[in-house]
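Report on the following structure.
The values are calculated or read from the model by the stated rules, or taken from the named source; none is laboratory data. This one's a predicted model, so the numbers in the text were calculated from it and none came from an experiment. Cβ coordinates were reconstructed from backbone atoms using ideal geometry, including for glycine residues, and neighbour counts include every protein chain displayed. With ligands, DNA and RNA removed, areas are computed over all heavy atoms of the protein, side chains included. Shrake-Rupley method; radii C 1.70, N 1.55, O 1.52, S 1.80 Å.
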Amino acid sequence: MDKLIIKGGYTISGSVNVHGAKNSALPIIVSSLLSEKTLKLSNVPNVVDVLNLIKLLKNYGVKIEHKKNKLKINSSKINNLSADYDVVRKMRASILILGPLLSRFGEARISLPGGCAIGTRPIDIHLTGLSKLGASFEIQNGFIVGNVKSQLVGNSIKLPFPSVGATENILMASVLAKGETKISNAAREPEIEDLSNCLIKMGAKIEGYGTKTILVQGVTNLKKAEHHIISDRIVAGTYIIAALMLNSALEIKYVNTIYLKSLINVLKKMGAKLKETKNSIRVFKGAKLKSTSISTSPYPGFPTDLQAQLMSLMCLSDGKSKIKETIFENRFMHVPELNRLGANITVEKDVATIIGNQTFKGAQVMASDLRASISLVLAAMNANGQTTLNRVYHLDRGYENIEKTLGSLGAKIKRKKN
Ligand code: EPZ
């Protein structure tokens, strides 16, 4: 397994372009299963989750041409409707395949995804919503087997929680369902908007996306389409926090700053000097950051995917900060590792208390999940001495060439291949 060797104490500078959003690319690539026509995508991030999804869809017989950040996908000839455990366990987003396959073919067989480091990750909201459209499910030897008697039929579905994945699964399934589907308490993340915009280009009839209530009128077929994936707001937020932690001036480009409002508000409250335009944000050096308290919540609240990165920054800010994690039941795996780097963080149920004004010192640390690992990279870049970060594959799932990108800005990071 690859390791990263990080020498701390260097500032970064210059400008960085943010790549396409992983959590937008994944559902949009899956949505190609709904159509017999070609879907062309640009600004697709070259991250491991996307590469695994491409492999999975090729197993189904999907034709995919992948050139740099562009994909040309054609799902007219599907010859398999089953996804196996070893693929699904590596990438939970495979569960999104259920909706499109049930909607277009009336059947699907997906290995139960199982949990992951940040939680059990149940799929009850997905299955309840798809059942409301007329699908029936059985669990057979660790697989979910879904069937539809004739055709999915539109219905009114109220989600008990604005689950991002469940909203995407039900939304995609309703595109070819008969009649109208209303999804209430839907997730409002920008990635839902991006998926909806792509589906509309393919011929779907969708209103209200990005709000709590989405309305879909089923259609009978879809047409060829092209779509440019939005940029990754979590990667952009990570770079902003990196610059603040290293007291560095940095320009972050190709970012939809409107999608980062909750982060920007928190950082400005802490004393960060930021100047944003519609598609870029400048971080200025010299800010003396003070502590604050936040609680993660569904969009437009503070994103759980930036919680670990903010925690690293809070270790350096003045005073005591608190973070309440309300989305996942086990998303503080980075705490013991940050403490190994010299942080002073305690956890009481779903609240982490971070004592500020700490000094990070290099150590051996272990990545546990995608966002926890990047919080360790940020701390290591700030630490005195050298840090070895093990299990770098977690990072590669969501960040394109992270050591090259940060290295090009001045960080001293080397990958040791094992
Ligand atoms: C998406 O995961 C993202 N992944 C996650 O990003 C992100 O953290 C999460 O949304 C929240 O914003 C992708 O888009 C591929 P949820 P998802 O369904 O859809 C519970 C990253 O680092 N729940 O909104 O799985 C669930 O257990 C990843 O890029 C149910 O109980 O998130 C969790 O506690 C990590 N039953 C909460 O809802 C269900 O059927 C939020 O989950 C579904 C979810």
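Here's the list of aspartates and glutamates a cross-link from K7 could span, going by alpha-carbon distance under 18 Å and ignoring same-chain residues fewer than 8 apart: E337, E403. Run the accessible area of the stretch 22-228 with a 1.4 Å probe and give the carbon-and-sulfur part as a rounded percent. It is 50 percent, rounded to a whole number. For the chain, the longest principal axis of the alpha carbon atoms and the long axis of helix 48-59 meet at an angle near 20°. Across the stretch 314-325, coupling constants 3J(HN,Hα) worked out from phi with the 6.51/-1.76/1.60 Karplus curve, θ = phi - 60°, read 5, 5, 9, 6, 7, x, 9, 10, 9, 10, 9, 9 Hz, and Gly and Pro carry x. The spacing between the stretch 225-299 and the stretch 93-154, judged by their C-alpha centroids, is 36 Å. Of the trypsin sites (Lys or Arg not before Pro) in the stretch 170-218, the ones in a loop by DSSP (not H, G, I, E or B) with at most 16 other beta carbons within 10 Å are K212. H66 sits with roughly 70 Å² accessible to a 1.4 Å probe, with DNA, RNA and ligands left out of the calculation.
Expressed as a whole percent, the proportion of Cα-Cα pairs in the chain lying more than 28 Å apart is 48%. Applying the Karplus relation 6.51 cos²θ - 1.76 cosθ + 1.60 with θ = phi - 60° to the stretch 229-236 yields 3J(HN,Hα) values of 5, 5, 7, 7, 5, 6, 5, 4 Hz, where x marks Gly and Pro. Under the criterion of Cα pairs below 8 Å and six or more residues apart, the relative contact order for the chain equals 21 percent. Under a 5 Å amide H cut-off, with hydrogens placed 1.01 Å from N, A287 pairs with K273 among residues at least 5 apart or on other chains. What is the distance in Å between the Cα centres of the stretch 9-23 and the stretch 161-213? The two parts, judged by their Cα centres, are 30 Å apart. Extending 7 Å from Cα along the Cβ direction at Q151 and again at I200 yields two label points whose distance is 2.4 nm.
Residue by residue, the stretch 384-401 carries 3J(HN,Hα) couplings of 7, x, 9, 10, 10, 9, 8, 6, 5, 4, 4, 5, 5, 5, x, 10, 6, 6 Hz when phi is fed to the Karplus relation 6.51 cos²θ - 1.76 cosθ + 1.60 (θ = phi - 60°); x denotes Gly or Pro. Peptide packing: for 401-407, 370-376, 162-168, 145-151, the average count of neighbouring Cβ atoms within 10 Å per residue gives the ranking 370-376, 162-168, 401-407, 145-151, highest mean first. With the simple model of a label 7 Å out from the Cα in the direction of the Cβ, Q364 to E207 spans 6.1 nm. Extension gain, I258-T220: 0.36 nm per intervening residue step, less the Cα-Cα distance, totals 10.2 nm.
Entry note, the chain: the mean residue ellipticity at 222 nm calculated from DSSP H runs of n ≥ 4, each adding -39500 (n - 2.57), is -9000 deg cm²/dmol after division by the residues and rounding to the nearest 500. Neighbours of S82 by Cβ distance under 13 Å: Lys/Arg scored +1, Asp/Glu scored -1, total -2. Residue pairs exceeding 25 angstrom between C-alpha atoms, taken from K3/K288; K361/K404; K158/K205; K290/K416; K268/K320: K3/K288; K290/K416. Using only Cα atoms, tell me the angle between helix 22-31 and the longest principal axis of the chain; keep it within 0 to 90° and round to the nearest 10. Approximately 10 degrees, to the nearest ten.
Is the stretch 22-228 best put as rounded, prolate or oblate by its Cα gyration tensor, with a ≥ b ≥ c the root eigenvalues, rounded for a/c under 1.5, and otherwise prolate when a/b is larger than b/c, oblate when not?
Rounded, because the longest to shortest axis ratio a/c is under 1.5.
In degrees, nearest 10, range 0 to 90: what is the angle between the Cα axis of helix 190-201 and the longest Cα principal axis of the chain? Approximately 30 degrees, to the nearest ten.
When nucleic acids and ligands are ignored and a 1.4 Å probe is applied, K417 ends up with an accessible area of around 150 Å².
The modelled label-to-label distance for the pair T346/S295, using points 7 Å beyond Cα in the direction of Cβ, is 2.2 nm.
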